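J.: Mind having a look at this structure? Questions to follow.
The numbers here are math on the coordinates, done by the rules we state, and not lab data. Predicted model only: the values in this text are computed from it and were never measured. Note: ideal-geometry Cβ built from the backbone for every residue, glycine included; neighbour counts use all protein chains shown.
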Amino acid sequence: MNFDSNKYNLLVVGAGLFGAVVAYRAVKRGMRVLVIDRRNHTGGNCYCENIDGINVHRYGAHIFHTSERRVWEFVTSLAEFRPYTHSPLANYKGRIYPLPFNLNTFEALWGVATAEEAQAKIEEQRLKLEREPRNLEEQALSMVGRDIYTTLIEGYTEKQWGRPCRELPAWIIRRLPLRFERNNNYFNDTYQGMPVGGYNPLIERLLEGCEVCLGCDFFDHREELEAASDRTIYTGEIDRFYDYRFGALEYRSLRFEDERLAQGDFQGASVVNYTDAESPFTRIIEHKHFEGAKTSHTIITREYSCEWQPGREAYYPINNERNATLYARYKALADAEPRTLFGGRLAEYRYYDMHQVVSRALDIEL
Ligand code: FAD
Ligand code: UDP
């Protein structure tokens, strides 16, 4: 790989959503921008692969939702979005429960028909704490009680994170709505939708006017790349940037197994979570339901969660105390970098959703 010195105003390491939004803004300001990615495609974890008319969400189900109007206006000004309401299901030992936790879930679980009955049931089994919950187990038990915890939370969470619920931060479960009305919308946000044709058209729009170099790992060409650009936006793992000098941060990785089935429909929903401890995968995605693809076949993906190790993709930061302390040490170094700005899920070591990444990328000063 050959990069001319001083050719670019900005080098963006990582063609995921964060990098792409920053690159778009920089090009709009007349900057010359080089975007690199170690993968052989752009879009980071939002990337979709069209397989026989179905947009397969290559790195897991991605639903765009936000309550921030400027974020929604920004993405919808660049790509067409269709209304989409995410309503995943849970499969616990063969029985189906609607998600998120709402009156439909409580009815499936206990046969109750009113909010009052459901509230009474939860109140009866809720963990009553005199202090703030200290971990995910306490948070879940105090919020929804033992039955929901056992049926819909414990097995799923421990598979997903590879750790007991007692060792996980409480806020992870607070991402999920708890409602006493009949409403299976997984998100509380004002805006929600699915880009027509998957996320690739959005990413392509964002990267218009940039030079893009794929299959290019920053650390294999660091000297040339830095000589070729004035500044860097780095969206990879922050601990790797510093050669793991204080030790490695922990991440969860994922493994995806596709299956093509010669039938029109497999599970009638885009996502079914397998919430028991025994099923080895966490969820099954049926991609055609994101956009209502009319095909005689279907493609499903089983998602397995595993610990990150070198050579695997890092997907989820594990924001427990140990990692927070370690991250703070790396962040102190990052804050003092004269020419490099760190952003996105891996570089900020934050469990960001897409809208948060877009919002952050719209805010950074170029
Ligand atoms: P990434 O998408 O990870 O992009 C970073 C890019 O940098 C990658 O392409 C990587 O290859 C590249 N890179 C890293 N290091 C280097 C290097 N050294 N050299 C070159 N390139 C490098 N969000 C939602 O809003 N809704 C959802 O439904 C949703 N579902 C999700 C499901 C799963 C399974 C996962 C894992 C995430 C989900 N998210 C969802 C979160 C969403 O994926 C992220 O918020 C978003 O993609 C983060 O963008 P990013 O640019 O920070 O990171
Ligand atoms: N969760 C759960 N049961 C479910 C779905 C989610 O216990 O059926 C918990 C689990 O701990 C998970 C967290 O809620 O990590 C957040 O779920 P979300 O669907 O937001 O996770 P993501 O899609 O980001 O993996």
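J.: Report P(r) for the stretch 1-123: all Cα-Cα distances, bin width 10 Å, range 0 to the bin holding the largest distance, values in whole percent.
T.: Spelled out bin by bin, the stretch 1-123 gives 10, 25, 25, 19, 12, 7, 2 percent.
J.: Now for a different question. Based on C-alpha coordinates, I'd like the Rg and Dmax of the stretch 321-366, in Å.
T.: 11.5, 33
J.: Take the Cβ-Cβ distance between residue 115 and residue 196 as r, set R0 to 35 Å, and report the resulting FRET efficiency rounded to the nearest 0.05.
T.: Working: r = 37 Å, r/R0 = 1.06.
It comes to 0.40.
J.: Quick one: which residues, 5 or more positions from residue 68 or on another chain, have an amide H under 5 Å from its amide H? H modelled 1.01 Å from N in the peptide plane, none for Pro or chain starts.
T.: none
J.: Same structure again: Consider a paramagnetic label point 7 Å from the Cα of residue 181 along Cα→Cβ; state which residues of the stretch 111-125 have an amide N under 16 Å from it.
T.: Correct set: 114-116.
J.: Note down the magnitude of the dipole of the stretch 207-277 about its Cα centre, charges +1 on Lys and Arg C-beta and -1 on Asp and Glu C-beta and zero elsewhere, to the nearest 20 debye.
T.: Details: 7 positive and 17 negative charges, 47 e Å.
Dipole about the Cα centre, nearest 20: 220 debye.
J.: Using Cα pairs under 8 angstrom and six or more residues apart, how large is the relative contact order of the stretch 212-366, in percent? The partial results should precede the final answer.
T.: Details: 212 pairs, mean separation 45.8, N = 155.
Relative contact order here is 30 percent.
J.: Related question: Starting from the Cα of residue 93, draw a straight line to each of the aspartates and glutamates and keep only those under 15 Å, dropping any in the same chain fewer than 8 residues away.
T.: 147, 154, 276, 278
J.: Given 62, 3, 43, which one lies farthest toward the positive end of the charge dipole of the stretch 2-114, if we put +1 on the Cβ of every Lys and Arg and -1 on the Cβ of every Asp and Glu?
T.: Selected residue: 3.
J.: Can you figure out the FRET efficiency of residue 32 with residue 259, using R₀ = 45 Å and their beta-carbon distance, to the nearest 0.05? Mind showing how you got there, number by number?
T.: On the way: r = 44 Å, r/R0 = 0.98.
The formula returns an efficiency of 0.55 here.
J.: Diagonalise the Cα gyration tensor of the stretch 257-363 and give the resulting equivalent ellipsoid semi-axes, square root of 5 times each eigenvalue, largest first, whole Å.
T.: On the way: eigenvalues 264, 67, 26 Å².
With the √(5λ) rule applied to the stretch 257-363, the semi-axes are 36, 18, 11 Å.
J.: In nm, to one decimal, how far is the modelled label at residue 224 from the one at residue 331, with both set 7 Å along Cα→Cβ?
T.: Calculated label separation equals 3.5 nm.
J.: Using the Karplus curve 6.51 cos²θ - 1.76 cosθ + 1.60 with θ = phi - 60°, what ³J(HN,Hα) values do you get for each residue of the stretch 75-81, in whole Hz, with x for Gly and Pro?
T.: Values per residue, Gly and Pro as x: 5, 6, 7, 9, 8, 7, 10 Hz.
J.: Could you pull out every one of the lysines with an alpha carbon less than 24 Å from that of residue 28, ignoring same-chain neighbours closer than 8 positions?
T.: Cα-Cα hits under 24 Å: 7.
J.: Which ³J(HN,Hα) values, rounded to whole Hz and listed in residue order, are derived for the stretch 152-158 from phi using the Karplus coefficients 6.51, -1.76 and 1.60 in 6.51 cos²θ - 1.76 cosθ + 1.60 with θ = phi - 60°, glycine and proline given as x?
T.: Values, residue by residue: 10, 10, 4, x, 4, 5, 6 Hz.
J.: Nearest 5 percent is fine: what portion of the DSSP beta bridges confined to the chain is antiparallel? Write down the numbers at each step before the final one.
T.: Values: 33 of 53 bridges.
Roughly 60 percent of the DSSP beta bridges within the chain come out antiparallel.
J.: What residue among 233, 122, 284 has the largest mean-square fluctuation in a Gaussian network model of the chain, using Cα springs under 10 Å?
T.: Residue with maximal mean-square fluctuation among 233, 122, 284: 122.
J.: Taking every pair of alpha-carbon atoms in the chain, give the share separated by more than 32 Å as a whole percent. Could you put the intermediate results ahead of the total?
T.: Details: 24521 of 66795 pairs.
Roughly 37 percent, rounded to a whole number.
J.: Now, a different point. Residue 165: net charge of surrounding residues, Cβ under 9 Å, Lys/Arg +1, Asp/Glu -1, itself excluded? Intermediate results must be reported in sequence, preceding the final value.
T.: Working: positive: 163, 166; negative: 137, 138, 154, 158, 167.
Summing Lys/Arg as +1 and Asp/Glu as -1 gives -3.
J.: Further, regarding this structure: For residue 233, which sequence-distant residues (separation of 5 or more, or a different chain) have an amide H within less than 5 Å of its own amide H, given hydrogens modelled in the peptide plane?
T.: 11, 12, 13, 341
J.: If a paramagnetic tag sat 7 Å from the Cα of residue 7 along the Cα-Cβ line, which residues of the stretch 208-237 would have the backbone N under 14 Å from that point?
T.: Zone members listed by number: 210-214, 224-230.
J.: Further question: Over the chain, what is the mean sequence separation of C-alpha contacts under 8 Å (at least six apart), divided by residue count, expressed as relative contact order in percent? Display every interim value, and only then the final one.
T.: On the way: 720 pairs, mean separation 96.6, N = 366.
Result for the chain is 26 percent.
J.: Looking at the chain as a GNM with Cα springs under 10 Å, which of 221, 86, 62 has the largest mean-square fluctuation?
T.: Evaluated over the chain, the most mobile residue of the options is 221.
J.: So what's Rg/Rh here for the stretch 133-183, counting alpha carbon atoms and using the Kirkwood radius for Rh?
T.: 0.96
J.: Please identify every one of the trypsin sites (Lys or Arg not before Pro) in the stretch 264-310 that sits in a loop by DSSP and has no more than 14 other beta carbons within 10 Å of its own beta carbon. Kindly include the intermediate steps, with their values, before the conclusion.
T.: Details: sites: 283, 288, 294, 302; in loops: 294.
Taking the stretch 264-310 and a limit of 14 other Cβ atoms within 10 Å, the loop trypsin sites (Lys or Arg not before Pro) found are 294.
J.: How high is the relative contact order of the stretch 1-154, given as a whole-number percent (alpha carbon pairs under 8 Å, six or more residues apart)?
T.: Working: 139 pairs, mean separation 16.6, N = 154.
With pairs under 8 Å counted, the relative contact order is 11 percent.
J.: Beta carbons within 10 angstrom, averaged per residue: use that to sort the peptides 192-204, 342-354, highest first. Working shown, then result.
T.: Numbers: 192-204: 20.6, 342-354: 22.5.
Going by the mean number of other Cβ atoms within 10 Å, highest first, we get 342-354, 192-204.
J.: Continuing with the same structure: For residue 254, what charge total do you get from the other residues with a beta carbon under 12 Å from its beta carbon, if Lys and Arg give +1 and Asp and Glu give -1? Could the numbers behind the result be given before it?
T.: Numbers: positive: 58, 159, 252, 255, 283, 302, 312; negative: 257, 303, 307, 313.
Local net charge: +3.
J.: Further question: Give the dimensionless ratio obtained when the Cα radius of gyration of the stretch 71-187 is divided by 2.2 N^0.38 Å. Don't skip to the end; give the middle numbers.
T.: Details: Rg = 16.1 Å, N = 117, 2.2 N^0.38 = 13.4 Å.
Rounded to two decimals, the normalised Rg is 1.20.
J.: In nm, to one decimal, how far is the residue 52 label point from the residue 189 one, both placed 7 Å along Cα→Cβ?
T.: 3.2
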